[in-house]
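The values are calculated or read from the model by the stated rules, or taken from the named source; none is laboratory data. Note that the coordinates shown come from a computational prediction; the quantities given were computed from them, not determined experimentally. Positions of Cβ are backbone-derived with ideal geometry, glycine not excepted, and every protein chain shown enters the neighbour counts.
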Amino acid sequence: MANAAISANSSEPSAPDGDRSVAKAPRDYRNIAPYFFIAPAVFVMLVGLVYPVFDSLYLSFFDWKIGEPFSKADNVGFTNYLRMFSDPDVWESIWVTFRFGFWTITLEMFLGVTLALMLEKPIRGASIFRTIFILPLMVSPVVVGLIWRYLFDARVGWINYYLGIWFGIEPQVWLGDAELAFFAIVFTDIWQWTPFIFIIVIAGLQALPSEVLEASRIDGANWWQQIFLVKLPMISSILVIALLMRLIDVFRALEVMYIMTGGGPGRATELLSLHIYNRAFDAQLLGYASAIAVLLIVIVTVLSAGILIIGNPMKDKSDV
Amino acid sequence: MPGVGLNNVVKAYGSTVIIPDLSLDIRESEFVVIVGPSGCGKSTTLRMVAGLESVSAGTIHIRDRDVTYAAPKARDIAMVFQSYALYPHMDVAGNMSFALRLAGTPRAEIDQRVKRAAEMLELTDYLDRKPKDLSGGQRQRVAMGRSIVRDAYVFLFDEPLSNLDAKLRSTMRTELAILHKKLDRTMIYVTHDQIEAMTMADRIVIMDQGIIQQVGSPRDVYTAPKNRFVAGFIGSPSMNFLDGELHGSGSKLEVHGQGFKIPVSKRMQITANAAKDRRVTLGMRPEHFAATANKDGKYAALNLDVDVAEYIGSSQFLAASLGGQPITATVDVGPDAEPMGSGQYFFDTNRMYLFDRASGEAL
């Protein structure tokens, strides 16, 4: 089969167009080959990604509980959606998610870019610092959640202990207070994900052509001007991609909050994904949870499209 | 002295010395081309003048001012890079005006200067385009425009034409020469291409291994190379070098080598007679061979075994050997001649060069 394809390929290019119809030259398999190669990936995507998305869309029209055969589930039409739009808990978790996303992404971008700019130069020990900064990224989210849950623990946590010793601050019930718990999950997320921005930005900075930076020095740019007028604009596409990936991550984030706070106290740290999880597996409302999941997909899609349109990463793609 | 001066400049990275000791004075408004093979230190020299590389020892002066430790922006220089080094996120006008905007030049003056430079370089129609939408030649012109609007005292060029195709390169060469006339500024130009050096320079600086081999006008370095390196580097195709020994004396002086005996020309006799070491290297430029003897008789007949004769229009390029040593010759035989074969060819002895074989210095 493979041999036949190869011989067909090798004879094809030399055959003039006119002869092709007359001699019925074998079909040109070169056109099919690329599809053949991407087929496994497409298959995995279809089974693992596209199918669940459409299935949850389908499921969102039913009222279904775990353990109950799906054939017995009631088709409730748009009831789940109507309920969702008037459900204050859903809106609250959306609000929490946006607030969480705003603080984490803003601070992570700022810290990640600042660190990258500081460690970009080959200073002594830069590689050690770089390695240390990347470490949090390698820790599994569940472990991160556990570590920080103990660190923030009101009675045995190091944070209270050292705040007391060093600053004389009274022990705080970090994970039991709405504002403090929100601060704790933002802090934890920044701890884990700033390195991600850092790696991407430092890679982008190091790939900048040195001659352009030298030209800007000759043109009279000082350190700040070089950063804000040359370096950052030149890696803007990378920043947009990093921002986009973090944004999607925020809507995916689940494990850390699940372990640290379980969404509480109240709903203070219940991000949308955690809310969906709680609705699906705690309250057993699979259909309703699916409807909220569809809303999540819509929100992420709209935000991503918006970022891509505003800061198209391919816009300034250039070989200069 | 105004202009640019490098005094006993040393450049070393740790224990690796790139430039052991370099001194060079460049006059105001002069067009100096630094030429040499890859890794000879020519770019490093230029970058030290620009302030992009630190100087390990020695001083650099620009217009009577010691700028050895001055930042690039404080040196009153403009630089054009091989890769153009344009800012990809700015349009042409933005690229050209960047330095002026940083310096806080009034808007009206910026516009006027950019407009004038754009007119000079025929870029007026492209001012609002991004670099990625320009061809290589246009990008190169933007890079030049960026320097021109600066109105700097010294213009530095680091192999600016190397990324262009041959035809565009020769056009840009001419444009650069015109630009130099118009601007009347000191220009230092680094290249590995000796044609660029010969065509544009007021003076050529030939470097090898971090050391200046010769400084002189294009005519000087071609007709009176100081040593074997310069003789081999300047001229295309390169000069032929054959080992030989001096025999006889006075006006009967000859160079003998494998397969040849060539009388030393009158021009060379005094220095050649004075040579302590009789072992020499004979230098013959390929273009000084001929298929027929010239009338004044100042020639040597040589039997060449021709391996290949390449047709290059009105002349032919011969890859041959003389007494077993490879030799190249360009003979002007007209466009209709048949490919030349082995046989007798004539070398113009007035154009011979002799070098001390051990030191490589010209006699």
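I need the helices (runs of 4 or more DSSP H) fully contained in segment B:163-241, keeping only those with at least 2 residues that are of a type in the set (Lys, Arg). Quick ask: steps written out before the conclusion?
Numbers: elements: B:166-183, B:194-200, B:218-223, B:228-233.
Passing ranges, in order: B:166-183.
Look through B:Gly283, B:Gly244, B:Gly250, B:Gly210 and report the one residue that is in contact with a helix residue (DSSP H, G or I) (Cβ under 7 Å, 6 or more places away or on another chain), among the small types (Gly, Ala, Ser) and buried (at least 20 other Cβ atoms within 10 Å of the Cβ).
Numbers: B:Gly244 fails: in contact with a helix residue (DSSP H, G or I) (Cβ under 7 Å, 6 or more places away or on another chain); B:Gly250 fails: buried (at least 20 other Cβ atoms within 10 Å of the Cβ); B:Gly210 fails: in contact with a helix residue (DSSP H, G or I) (Cβ under 7 Å, 6 or more places away or on another chain).
Just one listed residue meets the conditions, B:Gly283.
Given (1) in a helix (DSSP H, G or I); (2) within 14 Å of chain B (Cβ to nearest Cβ); (3) over 27 Å from the mean Cα position of the chain (by Cα), identify the lone condition not met by A:Asn160.
With respect to (1) in a helix (DSSP H, G or I); (2) within 14 Å of chain B (Cβ to nearest Cβ); (3) over 27 Å from the mean Cα position of the chain (by Cα), A:Asn160 is out only on (2).
Mind counting the residues in segment A:279-298 that are crowded, with 20+ Cβ neighbours inside 10 Å, among the polar types (S, T, N, Q) and not in a helix (DSSP H, G or I)?
0
In segment B:331-363, which residues are surrounded by fewer than 17 Cβ atoms within 10 Å (Cβ to Cβ) and over 17 Å from B:Ala290 (Cα atoms)?
Once the filter is applied, which keeps residues that are surrounded by fewer than 17 Cβ atoms within 10 Å (Cβ to Cβ) and over 17 Å from B:Ala290 (Cα atoms), segment B:331-363 yields B:Ala358, B:Ser359, B:Glu361.
Could you check, for segment A:199-208, whether at least one of its residues is within 14 Å of chain B (Cβ to nearest Cβ) and surrounded by fewer than 19 Cβ atoms within 10 Å (Cβ to Cβ)?
Restricting attention to segment A:199-208, the residues satisfying the condition of being within 14 Å of chain B (Cβ to nearest Cβ) are A:204, A:207-208.
Imposing the further condition that a residue be surrounded by fewer than 19 Cβ atoms within 10 Å (Cβ to Cβ) reduces the set to A:207-208.
Scanning segment A:199-208 turns up at least one residue that is within 14 Å of chain B (Cβ to nearest Cβ) and surrounded by fewer than 19 Cβ atoms within 10 Å (Cβ to Cβ).
Using the structure shown, decide if A:Thr261 is hydroxyl-bearing (Ser, Thr, Tyr), surrounded by 15 or more Cβ atoms within 10 Å (Cβ to Cβ) and away from chain B (no Cβ under 14 Å). So that I can check it myself, show each step before the final result.
Values: hydroxyl-bearing (Ser, Thr, Tyr): yes; surrounded by 15 or more Cβ atoms within 10 Å (Cβ to Cβ): yes; away from chain B (no Cβ under 14 Å): yes.
Yes: the conditions hold for A:Thr261.
Which residue is farthest from B:Arg107 (Cα to Cα), if the candidates are limited to segment B:53-82 and must be assigned to a loop (DSSP other than H, G, I, E, B) and within 11 Å of chain A (Cβ to nearest Cβ)? Spell out how you get there, then give the answer.
Just the residues of segment B:53-82 that are assigned to a loop (DSSP other than H, G, I, E, B), to begin with: B:53-56, B:63-64, B:67-71, B:75-76, B:81-82.
From the residues that got through so far, the ones that are within 11 Å of chain A (Cβ to nearest Cβ) too are B:53, B:71, B:75-76, B:81-82.
Details: B:Glu53: 33, B:Ala71: 26, B:Arg75: 24, B:Asp76: 21, B:Phe81: 27, B:Gln82: 30 Å.
Result: B:Glu53.
To keep it simple, each residue is scored yes or no on (1) surrounded by fewer than 22 Cβ atoms within 10 Å (Cβ to Cβ); (2) at pLDDT below 90; (3) within 14 Å of another protein chain (Cβ to nearest Cβ).
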position: B:Leu127; (1), (2), (3): yes, no, no
position: B:Val142; (1), (2), (3): no, no, yes
position: B:Arg146; (1), (2), (3): no, no, yes
position: B:Val149; (1), (2), (3): no, no, yes
position: B:Ser162; (1), (2), (3): yes, yes, yes
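Name the one entry in A:Leu205, A:Leu180, A:Leu229 that is in a helix (DSSP H, G or I), in the same structural domain as A:Ala253 (by TED's automatic domain parsing) and touching a residue at least 40 places away in the same chain (Cβ under 8 Å).
Details: A:Leu180 fails: touching a residue at least 40 places away in the same chain (Cβ under 8 Å); A:Leu229 fails: touching a residue at least 40 places away in the same chain (Cβ under 8 Å).
Unique residue meeting the criteria: A:Leu205.
From A:Ser216, A:Ser237, which residue is at the interface with chain B (Cβ under 8 Å from one of its Cβ atoms) and either surrounded by 18 or more Cβ atoms within 10 Å (Cβ to Cβ) or assigned to a helix (DSSP H, G or I) (or both)? So that I can check it myself, show each step before the final result.
Values: A:Ser237 fails: at the interface with chain B (Cβ under 8 Å from one of its Cβ atoms).
Within the list A:Ser216, A:Ser237, the selection yields A:Ser216.
In segment B:259-293, what residues are polar (S, T, N, Q) and either outside any loop (DSSP other than H, G, I, E, B) or in contact with a strand residue (DSSP E or B) (Cβ under 6 Å, 6 or more places away or on another chain) (or both)?
Across segment B:259-293, the qualifying residues are B:Gln269, B:Thr271, B:Asn273, B:Thr281.
Do the conditions hold for A:Leu247, that is, is it modelled with pLDDT under 90 and either within 11 Å of chain B (Cβ to nearest Cβ) or assigned to a helix (DSSP H, G or I) (or both)? Break it down stepwise before answering.
Details: modelled with pLDDT under 90: yes; either within 11 Å of chain B (Cβ to nearest Cβ) or assigned to a helix (DSSP H, G or I) (or both): yes.
So A:Leu247 fits the description; yes.
What are the pairs, 6+ residues apart or on separate chains, where a residue within segment A:26-54 that is assigned to a helix (DSSP H, G or I) has its Cβ under 8 Å from a residue that is not acidic (Asp, Glu)?
Once the first residue is assigned to a helix (DSSP H, G or I) and sits in segment A:26-54, its partners that are not acidic (Asp, Glu) give A:Tyr29/A:Ala5; A:Tyr29/A:Ala8; A:Tyr29/A:Asn9; A:Arg30/A:Asn9; A:Ala33/A:Ala5; A:Val53/A:Ile297.
In the set A:Gly262, A:Gly266, which member is within 30 Å of A:Met84 (Cα to Cα) and without any contact (Cβ under 8 Å) to a residue 60 or more places away in the chain?
Numbers: A:Gly266 fails: without any contact (Cβ under 8 Å) to a residue 60 or more places away in the chain.
Result of the check over A:Gly262, A:Gly266: A:Gly262.
Being assigned to a loop (DSSP other than H, G, I, E, B) and β-branched (Val, Ile, Thr) narrows it down to one of A:Thr301, A:Thr269, so name that one.
Going through A:Thr301, A:Thr269 in turn, just one is assigned to a loop (DSSP other than H, G, I, E, B) and β-branched (Val, Ile, Thr): A:Thr269.
May I ask you to list pairs of residues, at least six apart or on different chains, whose Cβ atoms are under 9 Å apart, with the first in segment B:204-229 being within 17 Å of B:Leu46 (Cα to Cα) and the second being hydroxyl-bearing (Ser, Thr, Tyr)?
Qualifying pairs under 9 Å: B:Ile204/B:Ser217; B:Val205/B:Thr45; B:Met207/B:Thr45; B:Gly210/B:Thr44; B:Gly210/B:Thr45; B:Ile212/B:Ser23.
I'd like the full set of residues that are buried (at least 22 other Cβ atoms within 10 Å of the Cβ) and of a type outside the set (A, V, I, L, M, F, W, C), limited to segment B:172-193.
Correct list: B:Thr186, B:Tyr189, B:Thr191.
Do you know which residues across segment B:306-322 are out of contact with any Asp or Glu (no Cβ under 7 Å at 6 or more places or on another chain), exposed (fewer than 15 other Cβ atoms within 10 Å of the Cβ) and not β-branched (Val, Ile, Thr)? Spell out the reasoning first.
Quick first cut of segment B:306-322, residues out of contact with any Asp or Glu (no Cβ under 7 Å at 6 or more places or on another chain) only: B:306-313, B:318, B:322.
Retained after the next criterion (residues that are exposed (fewer than 15 other Cβ atoms within 10 Å of the Cβ)): B:307-308, B:310-313.
Passing the criteria: B:Asp307, B:Glu310, B:Tyr311, B:Gly313.
In segment A:89-104, is there at least one residue being surrounded by fewer than 12 Cβ atoms within 10 Å (Cβ to Cβ) and either part of a helix (DSSP H, G or I) or assigned by TED's automatic domain parsing to the domain that holds A:Leu254 (or both)?
So in segment A:89-104, the residues surrounded by fewer than 12 Cβ atoms within 10 Å (Cβ to Cβ) come out as none.
No: segment A:89-104 contains no residue that is surrounded by fewer than 12 Cβ atoms within 10 Å (Cβ to Cβ) and either part of a helix (DSSP H, G or I) or assigned by TED's automatic domain parsing to the domain that holds A:Leu254 (or both).
Might you check whether a residue that is within 30 Å of B:Arg351 (Cα to Cα), free of Cβ contacts under 8 Å to residues at least 12 places away in the same chain and more than 14 Å from chain A (Cβ to nearest Cβ) occurs anywhere in segment B:178-198? I'd like the intermediate steps shown before the answer.
At the first step, the residues of segment B:178-198 found to be within 30 Å of B:Arg351 (Cα to Cα) are B:189-198.
From the residues that got through so far, the ones that are free of Cβ contacts under 8 Å to residues at least 12 places away in the same chain too are none.
No, every residue in segment B:178-198 fails to be within 30 Å of B:Arg351 (Cα to Cα), free of Cβ contacts under 8 Å to residues at least 12 places away in the same chain and more than 14 Å from chain A (Cβ to nearest Cβ).
Considering only residues that are more than 14 Å from chain A (Cβ to nearest Cβ) and either among the charged types (D, E, K, R) or over 17 Å from B:Gln213 (Cβ atoms) (or both), which ones fall in segment B:27-52?
Of all residues in segment B:27-52, those more than 14 Å from chain A (Cβ to nearest Cβ) come to B:27-42, B:45.
Answer for segment B:27-52, where residues must be more than 14 Å from chain A (Cβ to nearest Cβ) and either among the charged types (D, E, K, R) or over 17 Å from B:Gln213 (Cβ atoms) (or both): B:Arg27, B:Glu28, B:Ser29, B:Glu30, B:Phe31, B:Lys42.
Criterion first (buried (at least 22 other Cβ atoms within 10 Å of the Cβ) and not in a loop (DSSP other than H, G, I, E, B)) does B:Ile18 satisfy it?
Working: buried (at least 22 other Cβ atoms within 10 Å of the Cβ): no; not in a loop (DSSP other than H, G, I, E, B): yes.
No, not satisfied.
Looking at this structure, is B:Lys132 surrounded by fewer than 18 Cβ atoms within 10 Å (Cβ to Cβ), within 14 Å of chain A (Cβ to nearest Cβ) and either in a helix (DSSP H, G or I) or in contact with a Phe, Trp or Tyr (Cβ under 7 Å, 6 or more places away or on another chain) (or both)?
yes
For B:Ala85, all conditions in the list (1) more than 10 Å from chain A (Cβ to nearest Cβ); (2) over 22 Å from the mean Cα position of the chain (by Cα) hold save one; what is the number of the exception?
Single failed check for B:Ala85: (1).
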